[in-house]
Amino acid sequence: MAKNHSHQPRILDHSKDKDAAAVLVELLNPGAWIPPAHARWLPLIEALLEAFLRHFDRAVLAQLLDHQRALPPSASAAARAAQMAGELTALHKLCQMLARNPRLPEEARAALAPLESLPPEAIPDTAVAAAVALTVEARPDFELDPQNPKVARGSVADVFRFRERTSEGNAIVLKTVRADSLLRIQNEAAILMRLAKDCPAVGALAGPNFAAALAEALRDAAGALLREIDFVAEAANLRDARAFYKFNHRIRVPATIGIPVYRGIFMEFVEGVPLLDAPLDDESRRDAARLVFRRLLLDPLFSGLPETIFHADPHAGNLMAQMQKHAPFTLVLLDWSQAGRVPAPLRHALITLCLYCVTGEEPPPDLLRQLLETNRKSIRIPPPRGTGDPLHAAFEIVQQLALQGHPVPVNLLLLRKSFLTLDGITRQLDPDFNAWLETLAYASGVFASEAVVRTWSIQFPWLDRPDFYRSGLPTRMLVAHFADTIQKRFCKCKKSVDAFSKSVRPFAEKLRNHPEPSE
């Protein structure tokens, strides 16, 4: 995000000529956030932001402008976005995702990082009173912890600690949505749905495929906001996540207590420190980066289960560390309101796509149909260039398919979002961390665990099925893929040699016919 010292926003002057929505979009400066490769979408993105803001009351827009006026004129776009995120939940969630994006400058990430975990001291007394009233009604045997009642403050919900009245039992916490956040989320989700209905008008400018993809993305964003206040679904996610990680002693997922209430959920209290603030030496930080990436992305991807749950919002505020005196720390995974589930066929298709990105071959239409769970034919997309490694290339293909209007499953988009977030978190822990090299090391262990089945599959072909492998890659498919790749490379090299021979043949003839000089 480059600074522009020659032109600073002048809020008071611009507000005379433009409406509040246009001024706020100009202050956000979307052009500073969009990579150059996608700059052609900037006018459309600015128009969508203006349309989104115009759905709010004038009083809300005036309040947003007042907050912007309170900032110094030299404030960066990231600082202005962080200020505005306090009033717009959708923008707050977007800023949390961008806070660890390695493509953003350090200054921008530093401005957005505080949005990942807000200070609990900022929780107002009215929210405390509402939480106490809710607990008295649902669990009258508990009272607010007099020493540390405020645990955490999020973009939507607050977390409070309670203790049993009659004994020194374990503490529990109540995660409850604030009344103002509840109304705000419902309002913003309704606005996003209205924008989705208006997307066909975008087709005249950007094409019908992009309009369809944009409408689907807006509906997905509305669904993501509503999941923030769906505590019944979060309780189910917590149960599934605990079942998935129950055999891993370095991962802890809080357990739910009782059934969810209308505006909250009770859970066991898990004490820890934010992972990025934990007192870890260099070796421990490298171990933490490997632990986070393997457990949150690679374990779900190579699980071998019919369906796998994964954390879809693993920003720094949701990752805690429980320090041990004589053992490695335990990673605590909080806030499972945003979770995804990937079935085995979808995981196998994504892993196969990575295999094609390894060899640089264009993925066949059959594979893309499996990835998209569609019956469309003649789907083609060339392998992306300049992505750095096959893992980034595979998720770049997923993004390109979505931009082209193909029906990309929402869980695949959530997995891509999780990967990009984890990529930033791991680099923050260890600047030398390489996601692709870590994936190769993990995959080599997976293939080693499949060696026995692969050996038997040579004699018994009926064993050579994707469901029998954690990787989902049958032996015959692997052999055929690499044999075809080697053949193509050999033919390409042969053509290059033939072309070279043809080009030097005239010079060779001249040398052959030229008489040798006498002594």
In segment 297-317, the residues that are in a helix (DSSP H, G or I) and open to solvent by 10 Å² or more (accessible area, probe 1.4 Å): ASP299, LEU301, ALA316, GLY317
Neighbours by Cβ (under 7 Å, 6+ apart or cross-chain): first from segment 373-391, closer than 15 Å to LEU350 by Cβ; second loosely packed, with under 10 Cβ neighbours inside 10 Å and modelled with pLDDT under 75: none
Return yes when GLY154 is at pLDDT below 85 and surrounded by 21 or more Cβ atoms within 10 Å (Cβ to Cβ) and no when it is not. yes
Looking at ARG416, ARG470, ARG454, can you tell me which residue is buried (at least 17 other Cβ atoms within 10 Å of the Cβ) and over 28 Å from THR374 (Cβ atoms)? ARG454
Mind listing whichever residues of segment 318-337 are within 15 Å of the chain's Cα centre (by Cα) and not in a strand (DSSP E or B)? ASN318, ASP335, TRP336, SER337
Given the criteria exposed (fewer than 14 other Cβ atoms within 10 Å of the Cβ), out of contact with any Lys or Arg (no Cβ under 8 Å at 6 or more places or on another chain), modelled with pLDDT under 90 and more than 18 Å from LYS197 (Cα to Cα), does ALA59 qualify? yes
Note on segment 57-74: residues among the hydrophobic types (A, V, I, L, M, F, W, C) and without any contact (Cβ under 8 Å) to a residue 40 or more places away in the chain are ALA59, VAL60, ALA70, LEU71
Determine which single condition PRO274 fails, assuming it passes every other condition in (1) buried (at least 19 other Cβ atoms within 10 Å of the Cβ); (2) in contact with a Gly (Cβ under 9 Å, 6 or more places away or on another chain); (3) not acidic (Asp, Glu). (1)
Looking at segment 68-82, which of its residues are hydrophobic (A, V, I, L, M, F, W, C), part of a helix (DSSP H, G or I), open to solvent by less than 30 Å² (accessible area, probe 1.4 Å) and farther than 19 Å from ALA152 by Cα? ALA77, ALA78, ALA81
If I filter segment 249-263 down to residues being open to solvent by 40 Å² or more (accessible area, probe 1.4 Å) and part of a loop (DSSP other than H, G, I, E, B), which single residue comes out as modelled with the lowest pLDDT? TYR262
Residue ranges of helices (runs of 4 or more DSSP H) in segment 388-465 with at least 2 members at positive phi: none
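The values are calculated or read from the model by the stated rules, or taken from the named source; none is laboratory data. Because the structure is a prediction, the values reported are computed rather than measured. Cβ sites come from the backbone with ideal geometry, for glycine too, and all protein chains shown count toward neighbours. Ligands, DNA and RNA are excluded from the accessible area calculation, which covers all protein heavy atoms including side chains. Shrake-Rupley method; radii C 1.70, N 1.55, O 1.52, S 1.80 Å.
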